[in-house]
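Novice: What follows is a structure written as structure tokens; I'll ask about it next.
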Amino acid sequence: MNNAFKLVQKVSFFAFVLSVLIVTGSCCDNKNTPSNENVEETILNLEREALNHWSQGDPVGFLLHFADDATYFDDIAAFSRLDGLEEIKNYTKSLEGKLPAHKYDLMDTKVQVYGNAAILTLWYQATLEDGTKGTPWKATSVYNLEDGNWKVVHANWSSVKDNQPEKE
């Protein structure tokens with residue numbers, strides 16, 4: 001064999017080994033990828049942290065984990081989509097002083113994880129200080145992992161209509 005052929009063989013073998021290392025290193029290294037269980041727990045904790053603000057009459061604090069480019073709908077007064085954190089903040093500021101303090105239960109929670117995105121669905125049941133149950137709500141929040149932090153990029157809250165069964 002001539003030297004040129006041997007050189008091509010060595011370069012080809014080196015390229016093959018390098019490509020195998022790159023592929024296995026990029027798609028199979030799960031050390032820095034959180035497990036779905038960890039993501040589910042994290043998302044639920046972030047949502048509870050935000051809802052703790054809401055339940056104490058602090059609607060702006062509810063936006064604690066919203067991304068700058070988030071979108072939002074609800075059945076209170078945000079019937080048309082609100083675009084961006086500033087617009088959502090202006091809306092929630094209009095609710096200050098109008099939310100009674102209450103306890104709440106989250107029911108039928110589900111977190112679905114798709115890489116750097118997570119979708120949270122839930123039912124929210126408020127109970128006022130006198131024990132009266134508030135209107136139940138159902139919600140969807142879409143989270144995106146940005147620079148190591150989960151941020152809400154979209155949320156939709158809808159009151160449960162009279163013809164829908166209650167969740168337990």
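Novice: What residue, of S12, S55, S35, is over 30 Å from T92 (Cβ atoms) and at pLDDT 60 or above?
Specialist: Numbers: S12 fails: at pLDDT 60 or above; S55 fails: over 30 Å from T92 (Cβ atoms).
Answer to the check: S35.
Novice: If you don't mind, another one. Identify, please: which residue in segment 104-118 is of a type in the set (V, I, T) and over 20 Å from W54 (Cα atoms) and is, among those, surrounded by the fewest Cβ atoms within 10 Å (Cβ to Cβ)?
Specialist: Looking at residues that are of a type in the set (V, I, T) and over 20 Å from W54 (Cα atoms), I get V113.
Novice: Enumerate the strands (runs of 3 or more DSSP E) found wholly within segment 30-131, keeping only those where 2 or more residues are at negative phi and charged (D, E, K, R). First the steps, then the outcome.
Specialist: Values: elements: 66-73, 102-114, 117-128.
Fully inside segment 30-131 and qualifying: 66-73, 102-114.
Novice: Just checking, which of F79, F62 is among the aromatic types (F, W, Y) and farther than 18 Å from V160 by Cα? So that I can check it myself, show each step before the final result.
Specialist: Details: F79 fails: farther than 18 Å from V160 by Cα.
Of the residues listed, the single one that is among the aromatic types (F, W, Y) and farther than 18 Å from V160 by Cα is F62.
Novice: Right, another one. Mind listing whichever residues of segment 66-80 are surrounded by fewer than 12 Cβ atoms within 10 Å (Cβ to Cβ) and among the charged types (D, E, K, R)?
Specialist: D68
Novice: Does segment 82-105 hold any residues that are of a type in the set (G, A, S) and more than 22 Å from V160 (Cβ to Cβ), and which are they?
Specialist: Scanning segment 82-105 gives G84, S94, G97.
Novice: Further question: So, of the residues in segment 40-61 that are of a type in the set (S, T, N, Q) and surrounded by 16 or more Cβ atoms within 10 Å (Cβ to Cβ), which turns out to be nearest to E96 (Cα to Cα)?
Specialist: Among them, the one singled out is S55.
Novice: Are there any pairs with C-beta distances below 9 angstrom linking a residue in segment 68-95 that is among the charged types (D, E, K, R) to a residue that is part of a helix (DSSP H, G or I), with the two at least 6 apart or on different chains, and if so which?
Specialist: Note: pairs meeting the criteria are D68/L85; D68/E86; D69/L85; D74/Y91; K89/L63.
Novice: Of all residues being of a type in the set (A, V, I, L, M) and in a strand (DSSP E or B) in segment 132-165, which is surrounded by the most Cβ atoms within 10 Å (Cβ to Cβ)? Just the residue, please.
Specialist: V152
The values are calculated or read from the model by the stated rules, or taken from the named source; none is laboratory data. Keep in mind the model is a prediction, meaning the values are calculated, not measured. With ideal geometry, Cβ positions are generated from the backbone for all residues, glycine too; neighbour counts draw on all protein chains shown.
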